[in-house]
């Protein structure tokens, strides 16, 4: 179910937006509209939906309209035209009282510059939204302490913001947003003011929190690596419009325009691509009941030096090597049990390639990609990984991809 739906949203800055709208409908560019009307198109004709529990990233360069769009979503900026549906209700049609209620109960915002109150303790900063909502002091302190514990700041509640580092202050900002238990988190470049190392730590912590809390997040950034890391989907903006929207892999592997292609050309693909992106399907497997001669025939047919062993439903058991199968066959053995190697590298489909490169560099066998039930989904070999890192993704078929040899 969609938590947020934005439909045909346009924001025009100026005293005569109708004049600009008329030209916009005729297809004139933002620059032409500005020259003719002195009105500025902030965002135009925006359509997207965000599912409950999804992390949706809006990214673009400065002036692309991303922050304007975010502020339209919670009506801090009033849209010129369009609808913004929260749980199916159009908040652009709500009274001020209704809108305030939605903001207090369903939304919270995390700002780039922390926006902490310097004269208040950390606990009082986190409890501020609850205080505004007239939550009794014992209850709001209880909820604020729970939020501080979630972001790893238990024990800091009696300090003031100037006693904390930048990263810790941003944790306070996140705790303040979480204290009201909102369904939706709106995050406006929350980590861009932090040092690179602290920024990475905060990204990791946000992802860990999201695994536990499953909030609906709209996250603004101008950093592509950050967007690829955090977003379930990404909307890339230029001149007030969304020029491409999709999964991180859609954006990276299939750029829709030359602008998007230039945007992603220098990205670290190893952080963006996952095992599922570059894995290849296993050409063949054997089962424990199969004998060494059967395994040798399969390996010879497909030019394999190793062969995976699974049960009948596809659960990984291990692998066998051609030399071991040959020795067993020469001795007249009819079972594979004695030569199944059970110690082997495994990866989940969503594992980033950057976490697997060292394993791939040293393993002598392919890496099996398995799901949570250890069902074999695919295989990682150096050829398919190199193709993905070079820009071909998992679609490039190399001889080494189909051999299951990692040599």
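The values are calculated or read from the model by the stated rules, or taken from the named source; none is laboratory data. A quick note: this is a predicted structure, and the numbers were derived from the prediction, not measured. Virtual Cβ from ideal backbone geometry, glycine too; neighbours counted across all protein chains shown.
Closer than 17 Å to residue 209 by Cα and surrounded by 15 or more Cβ atoms within 10 Å (Cβ to Cβ): which single residue out of 94, 168 fits that description?
On the way: 94 fails: closer than 17 Å to residue 209 by Cα.
After applying the criteria, what remains is 168.
Just checking, which of 21, 69, 28 is over 32 Å from the mean Cα position of the chain (by Cα) and buried (at least 18 other Cβ atoms within 10 Å of the Cβ)? I'd like the intermediate steps shown before the answer.
Values: 69 fails: over 32 Å from the mean Cα position of the chain (by Cα); 28 fails: buried (at least 18 other Cβ atoms within 10 Å of the Cβ).
21 is the lone residue from the list that is over 32 Å from the mean Cα position of the chain (by Cα) and buried (at least 18 other Cβ atoms within 10 Å of the Cβ).
Tell me yes or no: at least one residue of the range 140-147 is more than 31 Å from the chain's Cα centre (by Cα) and buried (at least 19 other Cβ atoms within 10 Å of the Cβ).
Among the residues of the range 140-147, at least one is more than 31 Å from the chain's Cα centre (by Cα) and buried (at least 19 other Cβ atoms within 10 Å of the Cβ), which makes the answer yes.
Restricting attention to the range 266-283, which residues are at pLDDT below 85 and more than 19 Å from the chain's Cα centre (by Cα)?
Passing the criteria: 282, 283.
Only one of these is surrounded by 13 or more Cβ atoms within 10 Å (Cβ to Cβ), out of contact with any helix residue (DSSP H, G or I) (no Cβ under 9 Å at 6 or more places or on another chain) and outside any helix (DSSP H, G or I): 15, 5. Name it.
Working: 15 fails: surrounded by 13 or more Cβ atoms within 10 Å (Cβ to Cβ).
Going through 15, 5 in turn, the sole match is 5.
Within the range 367-405, restricting attention to residues that are surrounded by 19 or more Cβ atoms within 10 Å (Cβ to Cβ), modelled with pLDDT of 85 or more and out of contact with any helix residue (DSSP H, G or I) (no Cβ under 8 Å at 6 or more places or on another chain), which residue is farthest from residue 299 (Cα to Cα)?
370
Of these, 304, 316, which one is modelled with pLDDT under 85 and farther than 13 Å from residue 380 by Cα? Talk me through it step by step, then tell me what you get.
Values: 316 fails: modelled with pLDDT under 85.
It is 304.
So which of 57, 41 ends up being under 19 Å from residue 215 (Cβ atoms), in contact (Cβ under 8 Å) with a residue 60 or more places away in the chain and touching a helix residue (DSSP H, G or I) at 6+ places or on another chain (Cβ under 8 Å)? Walk me through it before giving the result.
Details: 41 fails: under 19 Å from residue 215 (Cβ atoms).
Selected residue: 57, the only one of 57, 41 that is under 19 Å from residue 215 (Cβ atoms), in contact (Cβ under 8 Å) with a residue 60 or more places away in the chain and touching a helix residue (DSSP H, G or I) at 6+ places or on another chain (Cβ under 8 Å).
Conditions tested, residue by residue: (1) more than 21 Å from residue 119 (Cα to Cα); (2) in contact (Cβ under 8 Å) with a residue 60 or more places away in the chain.
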{"site": "169", "(1), (2)": "no, no"}
{"site": "172", "(1), (2)": "no, no"}
{"site": "184", "(1), (2)": "yes, yes"}
{"site": "192", "(1), (2)": "yes, yes"}
{"site": "200", "(1), (2)": "yes, no"}
